[in-house]
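Engineer: Structure incoming, see below.
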Amino acid sequence: MKFTLLREFLLDQLKTGLRGDLYYHSIDHTLDVYEAAMRLAKMENLDAYETEILKTAALLHDAGMLITYVGHEEASAEMASTLLPQYGYSQEDINLIINLILDTRMPQQAGGKLGQLLCDADLDYLGREDYFLISHRLRLEWIKTQVRNTSLKQWYELQLDFLTKHQYFCPSSRLLRNPGKQYNLQQIKDLLQIS
């Protein structure tokens, strides 16, 4: 697997090819998910092969945004199937990476440990200090791409529901991000004046 060359190619494609109104699904999001996945891989003691598969899936998980907004996970999976053979990935590797990418569709339903780690990395920000900044990037993206135009109050109500229902899959994610997620949830309740 020629991961370094793949990474260089993909990041260049994302840097130059993504639409300008993708404030959340930007190259910054891809790099953020990649870093979170690598942190979780270490915490969960993944071996070298599992780490290689996970980091490849992390880089590709939203690459379909280059093609389409709706159904971008499926587009990402299609990109993986055509791109990865050129970088020395076996069909078995590709099938695994495709399944990991598809696990990130909402609502997330991870089938195995690697999928759980990728899903947790994808939503790592829910339990971080930059949650509100990233959350509002998504709101702005939804407005600009006409996915959904929400008032600020409606947005916080959606976030309240999402954060209340969301559960991290892996012990490391829960340990690392649940306290921050609970803090962010309380901040939303305070903004909505819910006791």
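Engineer: Pairs please, first residue from the range 147-165 and farther than 14 Å from Leu185 by Cα, second anywhere and surrounded by 13 or more Cβ atoms within 10 Å (Cβ to Cβ) and aliphatic (A, V, I, L, M), Cβ atoms under 6 Å, 6+ apart in sequence or on different chains.
Structural biologist: Final answer for the pair search is Asn149/Ile143.
Engineer: While we're here: Where residues in the range 44-92 are in contact (Cβ under 8 Å) with a residue 60 or more places away in the chain, outside any loop (DSSP other than H, G, I, E, B) and under 13 Å from the mean Cα position of the chain (by Cα), which of them is nearest to Lys15 (Cα to Cα)?
Structural biologist: Per the criteria, the residue is Ala58.
Engineer: Kindly check whether there is at least one residue in the range 142-161 that is touching a Phe, Trp or Tyr at 6+ places or on another chain (Cβ under 8 Å) and aliphatic (A, V, I, L, M).
Structural biologist: yes
Engineer: Taking the criterion of being within 21 Å of Leu22 (Cα to Cα), of a type in the set (A, V, I, L, M) and over 15 Å from the mean Cα position of the chain (by Cα), would at least one residue in the range 93-114 satisfy it?
Structural biologist: Among the residues of the range 93-114, not one is within 21 Å of Leu22 (Cα to Cα), of a type in the set (A, V, I, L, M) and over 15 Å from the mean Cα position of the chain (by Cα), which makes the answer no.
Engineer: Out of the range 19-53, which residues are under 28 Å from Trp142 (Cβ atoms) and of a type in the set (A, V, I, L, M, F, W, C)?
Structural biologist: Those that are under 28 Å from Trp142 (Cβ atoms) and of a type in the set (A, V, I, L, M, F, W, C): Leu22, Ile27, Leu31, Val33, Ala36, Ala37, Leu40.
Engineer: Out of Thr82, Thr30, I need the residue that is within 24 Å of Tyr168 (Cα to Cα) and polar (S, T, N, Q). Which one?
Structural biologist: Unique residue meeting the criteria: Thr30.
Engineer: Which members of the range 1-33 meet the condition of being surrounded by fewer than 19 Cβ atoms within 10 Å (Cβ to Cβ), closer than 21 Å to Gly88 by Cβ and either hydrophobic (A, V, I, L, M, F, W, C) or touching a helix residue (DSSP H, G or I) at 6+ places or on another chain (Cβ under 9 Å) (or both)?
Structural biologist: Result: Met1, Lys2, Phe3, Leu5, Arg7, Phe9, Leu11, Gln13.
Engineer: Let me ask something else about it. From Asp12, Asp21, grab the single residue that is charged (D, E, K, R), more than 13 Å from Ala121 (Cα to Cα) and assigned to a loop (DSSP other than H, G, I, E, B).
Structural biologist: Asp21
Read the figures in this text as sums done on the coordinates, not as results from a lab. Keep in mind it's a predicted model, so treat the numbers as computed, not measured. Cβ coordinates were reconstructed from backbone atoms using ideal geometry, including for glycine residues, and neighbour counts include every protein chain displayed.
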